[in-house]
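The values are calculated or read from the model by the stated rules, or taken from the named source; none is laboratory data. Please read all numbers here as calculations on a predicted model, not as lab measurements. Cβ placement follows ideal geometry from the backbone for every residue including glycine, while neighbour counts extend to all protein chains displayed. Just the protein is used for accessible areas: all its heavy atoms, side chains included, with ligands, DNA and RNA removed. Shrake-Rupley method; radii C 1.70, N 1.55, O 1.52, S 1.80 Å.
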Amino acid sequence: MSVQPSGDTRRNPKWEQRREAIIDTSARVFARQGYHATGIIELCAANDLGKGALYHYIGSKEELLAAIHDRVMDEVMLGANRVAAAGGSPSEQLAMLGNELLDVIHRYPDHVWVFLHEFPALTGARAEQFRLRRREYESQVEGVLRAGVETGEFRDVDPWLAARAWLGMHNYTYLWLKPGGRLSAHSVGRPFAEIFMHGIANPDAGEDASSRRVTGPRSRRQ
């Protein structure tokens, strides 16, 4: 049976810090073993906690999975909000969105693995929240692509389909874009933007639009 922490405990900074550490450690365990193959006993061992102590921080195994998903979506949406606030042309915004997304994947490889592989294990309200947050981000990418089509900067592509091509291109990097590896998020972001932009750029938009594609304001995280 889960032991639910009190409201006062939840507001305690030490409790929050320990809970965040449990989320990070458990993400590594799930990424290595898989969500369904990992038991509470293994999570307790990895976090050096007994069952009662683990439940003091995480109400259930699924709550822990949801927290990992929230960690990824929180970071992704913070980046998306920075891009929206920065403004710029559609191509500049798309390049910045790519930089932000790659930065999250680079910093949280285990969390992203769990995010992409284990979301079907979420149920009920948790599954619905995940779908809504994911759709919010997808809609922002689609909006940038739609704006590019409307201004003539991009070809008359289907924003929904182009967004999924863009997302697939970036999300797949979780397999090889690792901290301490040969490539950084920044070194991947620029060529990715150039490759994708060459595919959707409107050749009739002129040289001015072409020169703006990946040279505008960049993400704050480089």
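Quick one: would you say Leu161 is more than 17 Å from Gly79 (Cα to Cα), at pLDDT 95 or above, of a type outside the set (Ser, Thr, Tyr) and open to solvent by 50 Å² or more (accessible area, probe 1.4 Å)?
yes
Quick one: is Ser60 in contact with a Leu (Cβ under 6 Å, 6 or more places away or on another chain) and either crowded, with 16+ Cβ neighbours inside 10 Å or among the polar types (S, T, N, Q) (or both)?
No; evaluated as a whole, the condition is false for this residue.
For the stretch 170-187, state whether one or more residues are of a type outside the set (A, V, I, L, M), open to solvent by 80 Å² or more (accessible area, probe 1.4 Å), touching a Ser or Thr at 6+ places or on another chain (Cβ under 7 Å) and modelled with pLDDT under 90.
Checking the stretch 170-187: not a single residue is of a type outside the set (A, V, I, L, M), open to solvent by 80 Å² or more (accessible area, probe 1.4 Å), touching a Ser or Thr at 6+ places or on another chain (Cβ under 7 Å) and modelled with pLDDT under 90.
Can we say Thr173 is within 17 Å of the chain's Cα centre (by Cα) and β-branched (Val, Ile, Thr)?
yes
Please verify whether Asp8 is of a type in the set (D, E, K, R) and at pLDDT below 95, treating the condition exactly as stated.
In short, yes.
Please find, within the stretch 76-119, the residue that is most open to solvent (accessible area, probe 1.4 Å) out of those that are of a type in the set (Ser, Thr, Tyr) and closer than 25 Å to Ala201 by Cα.
Of everything passing the filter in the stretch 76-119, Ser89 is most open to solvent (accessible area, probe 1.4 Å).
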